[in-house]
Amino acid sequence: MFYENLNKVNNIFYKDFMKSLNKLNKNGSYILGKNVSKFESNFARYIGAKFSIGVANGLDALTISLKSLKLPKNSEVIVASNSYIACIISIINSGLKPVLVEPDIETYNIDVNKIDKKITKKTRVILAVHLYGKSCEMDKILNICRKKNLYLIEDCAQSHGSKYKNKNTGLFGDFSCFSFYPTKLLGAIGDGGAIISKKKKFKDYLKKFRNYGSIKRYKNDIIGQNSRLDEIQALFLDIKLKSLNRIILHKKKLAEVYFSNLNKNFILPKIENHKSDTFYIFNVRHEKRNKLKEYLTKNNIMTDIHYPIPPFKQIALKPYFSDNYPISQEIHNTTLSLPISFAHTQKEIHNLTKIMNRF
């Protein structure tokens, strides 16, 4: 059984995509054309935001957002210690200092009760990463930001359509950053990303920043970079966006099969009534994770690990971290991501649970 057959996932969108691609070739507008503008508007409408700005990828979305705040060098940004390395890279590449806070062992998102202890006079931002399709505890994080006068950036790379108290992730932060990497809930056929902001004043600034600091051709107002969402990716994403709710519903039904059939040998994702999870990833935890993965591979079930090495143990980040983060390490040592794509059927997942229960 495949883990994530992207060709099969995207196959139903290719017919409409090829028709539209022919039109794109005829008009010859390949950079920041009508398709990018259309997708930006439709994506913002889906999330419930005033606007969205398409960029080249999720990492750029984070980096551009942080740079847009124009913070003093080495200002501190709080982020969960089990976040994907892109979050840490974006902070470092913005001339800022990442400060790690342990996650909640049950939700895998940042433990809001441990944030205050890490706040110093240099803290300027909380980067809230919604892992695996589950939102962070936004009310508590917003309350900390208000009390301490901090910016809030949401990393929504894994939470398209996830909700906190019936409100979409992406609508809480000063900036909210999305990735359209092919495996995401709304995945492109290449790279892509987007930025949403509460503050309309940032709209033109973000448009300039992603395009060498320019909106009007050959007129550069700021020092920007080249990080433009591609017209072809925007075209595909706009077609797929119409089916995003259907994709989310399908994944929720597959998750229900796991919850109903897996035995107590596995630690399952925590369900919370005030959150609507999208199950971008369905992860279980097990003390013999590596043997479980090997067992499933022998049974033709491909799995993945998000993530095998925590960021504070990565060679590239050794100069930045010296502390230990045992809760994060426990998650990284025991987590396993199971098949749960739009291409899987409930019958396949049910058969998979039977195999797992024999482990």
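Bear in mind that the values in this text are calculations on the coordinates, not laboratory data. As the structure is a prediction and not an experimental result, all values here were calculated from the model. Here the Cβ positions follow ideal geometry from the backbone for every residue, glycine too, while neighbour counts run over all protein chains shown.
Going by C-beta contacts inside 10 Å, put L69, L296 in order with the fewest on the left. Can you show the working numbers first?
On the way: L69 17, L296 21.
Placing the least packed residue first, the sequence is L69, L296.
Given all pairs of different Cα atoms, what value in angstroms does the Kirkwood hydrodynamic radius of the chain take? Mind dumping the intermediate values first?
Details: mean 1/r = 0.0474 Å⁻¹.
Here the Kirkwood hydrodynamic radius works out to 21.1 Å.
Enter the per residue convex hull volume of segment 118-224, computed from alpha-carbon coordinates, in Å³ rounded to the nearest integer. Numbers along the way, then the final one.
Numbers: hull volume 14.0 nm³, N = 107.
Hull volume over Cα atoms, normalised by residue count, gives 131 Å³.
If a/c stays under 1.5 just call it rounded; otherwise compare a/b with b/c (prolate if a/b is bigger, oblate if not). Do that for segment 164-233, with a ≥ b ≥ c from the square roots of the Cα gyration tensor eigenvalues.
Because a/c hits 1.5 or more and a/b fails to exceed b/c, segment 164-233 counts as oblate.
State, as an integer percentage, the relative contact order of the chain based on alpha-carbon contacts under 8 Å between residues 6 or more apart. If you can, show how the numbers build up before the last one.
On the way: 706 pairs, mean separation 78.5, N = 359.
So the answer I get is 22 percent.
Looking at segment 307-359, which trypsin sites (Lys or Arg not before Pro) are DSSP coil and have at most 12 other C-beta atoms within 10 Å of their C-beta?
Answer in residue order: R358.
From the Cα gyration tensor of segment 244-357, with a ≥ b ≥ c the square roots of its eigenvalues, which class applies: rounded if a/c is under 1.5, or else prolate if a/b is larger than b/c, or else oblate? Each step should come with its number before you reach the end.
Numbers: a/c = 2.05, a/b = 1.54, b/c = 1.33.
Because a/c hits 1.5 or more and a/b exceeds b/c, segment 244-357 counts as prolate.
What Kirkwood radius, in Å to one decimal, follows from the Cα pairs of segment 9-72?
Details: mean 1/r = 0.0703 Å⁻¹.
Value: 14.2 Å, from the Cα pair sum.
Please rank I105, I248, fewest neighbouring Cβ atoms within 10 Å first, as an exposure proxy.
On the way: I105 15, I248 22.
Going from least to most buried by this count: I105, I248.
Size of the dipole of segment 126-250 about the Cα centre, Lys and Arg at +1 and Asp and Glu at -1 on the beta carbon, nothing else charged, in debye to 20? Present the calculation step by step, with values, prior to reporting the outcome.
Numbers: 24 positive and 11 negative charges, 110 e Å.
The calculated dipole for segment 126-250 is roughly 540 debye.
Report the local net charge at S41: Lys and Arg +1, Asp and Glu -1, summed over other residues whose C-beta lies under 11 Å from its C-beta. Intermediate results must be reported in sequence, preceding the final value.
Details: positive: K34, K38, R45, K50; negative: E40, D238.
It works out to a net charge of +2.
Looking at the chain only, what percent of DSSP beta bridges run antiparallel? Nearest 5 please.
On the way: 23 of 39 bridges.
The answer is about 60 percent antiparallel.
Could you put F202, F236 in order, starting from the residue whose Cβ has the fewest other Cβ atoms within 10 Å?
On the way: F202 20, F236 26.
Least to most surrounded, the residues fall as F202, F236.
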